[in-house]
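Taking it in order: structure first as structure tokens, then the write-up.
Taken together, the values in this text are just the output of simple stated rules run on the coordinates, not laboratory data. This is a predicted model, so every value here is computed, not measured. Methodologically, a virtual Cβ is constructed for each residue, glycine included, from the backbone with ideal geometry; neighbour enumeration extends over all protein chains shown.
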Amino acid sequence: MPVAAPPVPEVNPLREGLEQERVPEASCLVIFGASGDLTHRKLLPALYSLTHDGLLPAGLTIVGFSRPDYTDDAFRAEIKEACNKYSRTRPVDDAIWENFAKGLFYVKGEFGEAESYVRLKQRLEECDRTRGTGGRRLYYLAVPPAFFPVISDILGSQGMVTDPEKGGPYTRVIIEKPFGHDLASAKELNRVAVTTFRERQVFRIDHYLGKETVQNLLVLRFANGIFEPFWNRQYIDHVQFTVAESIGVEGRGGYFDSAGITRDIVQNHMLQLVSLVAMEPPVAFEADAIRDEKVKVIRALRSLPVERQTEFVVRGQYGEGSALGEKAVGYRNEPSVPPESRTETFVAIKAFVDNWRWADVPFYIRAGKRMPKRVTDISIHFRPAPNPLFRRVPGVRVQPNILAIRIQPDEGISLKFDSKVPGPAVRSAPVTMEFRYATSFGGEPPEAYERLLLETMLGDSTLFARRDEVEAAWAWLDPLLAAWAGDGEPALYPAGTWGPPEADLLLERDGRRWRRP
Ligand code: BG6
């Protein structure tokens, strides 16, 4: 019997040309932790926006699974409100919503109770019959990592996971960070994951990889002829990475205090940025080829000498100060944070990628909460030109060129170079050449979660962290985190500043300065 082709969704003309042509097959996406914040703020708004832009198959079915009691309709109403508040394509369009809501269901259940999964399974099979999802399953674990073993265990024992080696419809699992607390716990989570799933069924979310500007690092480096010849120790003096947030811990004091900024941001997001900037060209534009090169960078990171920490690392914690023009409390006075907490809310690290390309080029990394503004920025600082020509020309200062990649906000790339100031005197001044996403491509780039959810449906794991990457990142940071657990205190900095003065000293000792992004 001929099988009807799946309906091809309409492409929103505004985004035509910016989009890939791949449309995933209809599947059932189960969200464990459907009543939580991530589901409301990120996942469902992203799925709605994808639907709005015509990028999802008509039969896509979303099943929320969590403890509270909702009817399908009550769940839909709550999600509609969330989409109206948080989706990129808000306000919600009633006609599109109606269609979207037809594929949205809710199953009440306990993560650790097998009978709940029986009900879930029945609902999924019903969707296979009514919505053409063909047994394809995506399990999104929007839950604390402690639930991961029990959920994957029951999914396995209830026969809800297919083996890709045996063919048939796919099963994939999507895991949220934190992926471990240290190397040992990450290894344990990985061991659990591959007990029920195969590595290629596991999609570990690092939402930084879903950001357009992060993906553009590969295109910038490898689709242009002019950058790569200079992308090495002969031309690059050093590289800076900044992930600054103006917010504090925003009601997540309990989680944050057990993690700290190094685990929260550096271990995952920042090391992903470092590896994309430092990696060798991959042999193919394909998930494992790219991730092979990324993991080599992480493995090449020089061990941090914990006994001479102050030369390489600064940890800070915000005290009282101001944030966006208002008075802000110190970290230790945040809700759920113990008053004697030694957790770092700021970290700066001088790192080295010990390989042929980058030997002795410092990679300065810093991340902090309660900084003066929200900005994620990477800057490549080139070696200055030799200066015999202008040495005796007082108006000309030869300054290093800087290629700055603005990951967010005001996404773009700029190149700073010296130019002659017009007029009879020979004087130079730095100028910048700018590319801005908003000007060149218009509109806002899609949300990271939109891209990542789409990729899980397409089965492409390029933008997800592989097991060895995660473990290599922990292996690099573990000795430092262990040393901090033992002793020492973070240096205080007032909320609303760029971290403790020690962070400036880290660069000043090397004759350099942090760029103010
Ligand atoms: C998350 C961290 O992974 O990233 C948060 O847990 C942080 O603490 C957030 O605020 C930052 O993400 P973005 O996309 O706003 O830079």
Check: Can you list the lysines whose alpha carbon sits under 30 Å from that of LYS108, skipping same-chain ones fewer than 8 residues off?
Finding: LYS42, LYS80, LYS85, LYS121, LYS177
Check: With point charges of +1 on the Cβ of Lys and Arg and -1 on the Cβ of Asp and Glu, referenced to the Cα centre of the chain, which listed residue (ALA289, ILE205, ALA503) lies farthest in the positive direction of the dipole?
Finding: ALA503
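I'd like to compare 352-363, 161-172: which one has the highest average count of other Cβ atoms within 10 Å, and what's the full order after that? Display every interim value, and only then the final one.
On the way: 352-363: 17.1, 161-172: 14.5.
Going from most to least packed, we get 352-363, 161-172.
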Note to self: Less than 9 Å Cβ to Cβ from ARG136, Lys/Arg counted +1 and Asp/Glu -1: what total charge do the surrounding residues give?
What the structure shows: 0
Next item on the list: Using only the alpha-carbon atoms of region 25-205, report the extent along each of the three principal axes, biggest first, to the nearest angstrom.
Entry: 47, 35, 30
Notebook entry, point to check: Per 10 Å bin, what is the whole-percent P(r) computed from every C-alpha pair distance within region 396-517?
Noted result: 9, 18, 29, 28, 12, 4, 0
Item checked: PHE222/ASP354 FRET efficiency (R0 30 Å; Cβ-Cβ; nearest 0.05) -> 0.85
Notebook entry, point to check: By its C-alpha gyration tensor, with a ≥ b ≥ c as the square roots of the eigenvalues, how is the chain shaped: rounded for a/c under 1.5, else prolate for a/b larger than b/c, else oblate?
Noted result: prolate
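State, as an integer percentage, the relative contact order of region 25-205 based on alpha-carbon contacts under 8 Å between residues 6 or more apart. Don't skip to the answer; put the middle values down first.
Values: 293 pairs, mean separation 43.7, N = 181.
Answer for region 25-205 is 24 percent.
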Margin query: Taking 0.36 nm per residue of sequence separation and subtracting the Cα-Cα distance, how much length would be gained by fully extending the chain between ARG515 and ASN99, in nm to one decimal?
Written below: 144.9 nm
Item checked: DSSP beta bridge pairing in region 253-401, given as percent antiparallel to the nearest 5 -> 100
Notebook entry, point to check: Using a cut-off of 18 Å between alpha-carbon atoms, which aspartates and glutamates can reach LYS166, once sequence neighbours fewer than 8 places away in the same chain are excluded?
Noted result: GLU199
Note to self: Can you order the peptides 209-216, 124-131 by their average number of other Cβ atoms within 10 Å per residue, highest first?
What the structure shows: 209-216, 124-131
Check: Farthest toward the dipole's positive end in the chain, which of PRO144, VAL92, ALA448, given Cβ charges of +1 (Lys, Arg) and -1 (Asp, Glu) about the Cα centre?
Finding: ALA448
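Using 0.36 nm per residue, how much length does the chain from SER258 to ARG22 gain when fully extended, once their Cα-Cα distance is taken away?
Numbers: separation 236, 0.36 × 236 = 84.96 nm, distance 4.06 nm.
Value of the extension gain: 80.9 nm.
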Checklist line | the chain: calculated mean residue ellipticity at 222 nm from DSSP helix runs of at least 4, using -39500 (n - 2.57) | finding: -9500 deg cm²/dmol
Check: By DSSP, what percent of the beta bridges with both residues in the chain are antiparallel, rounded to the nearest 5?
Finding: 55
Note to self: Can you give the FRET efficiency to the nearest 0.05 for SER303 and ASP72, using r as the Cβ-Cβ distance and R₀ = 45 Å?
What the structure shows: 0.25
Margin query: Give the lysines reachable from LYS373 as a straight Cα distance under 17 Å; neighbours fewer than 8 places away on the same chain don't count.
Written below: LYS327
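Run through the DSSP bridge list for region 25-205 and note the antiparallel percent, rounded to the nearest 5. Present the calculation step by step, with values, prior to reporting the outcome.
Numbers: 0 of 23 bridges.
Restricted to region 25-205, the bridges split so that about 0 percent are antiparallel.
How do 195-206, 83-94, 320-331 rank on mean C-beta neighbours within 10 Å, highest first?
Working: 195-206: 19.2, 83-94: 16.9, 320-331: 15.3.
Going from most to least packed, we get 195-206, 83-94, 320-331.
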Margin query: If each residue of separation counts as 0.36 nm, what is the full-extension length gain between ASP460 and ARG342 once their alpha-carbon separation is subtracted?
Written below: 38.5 nm
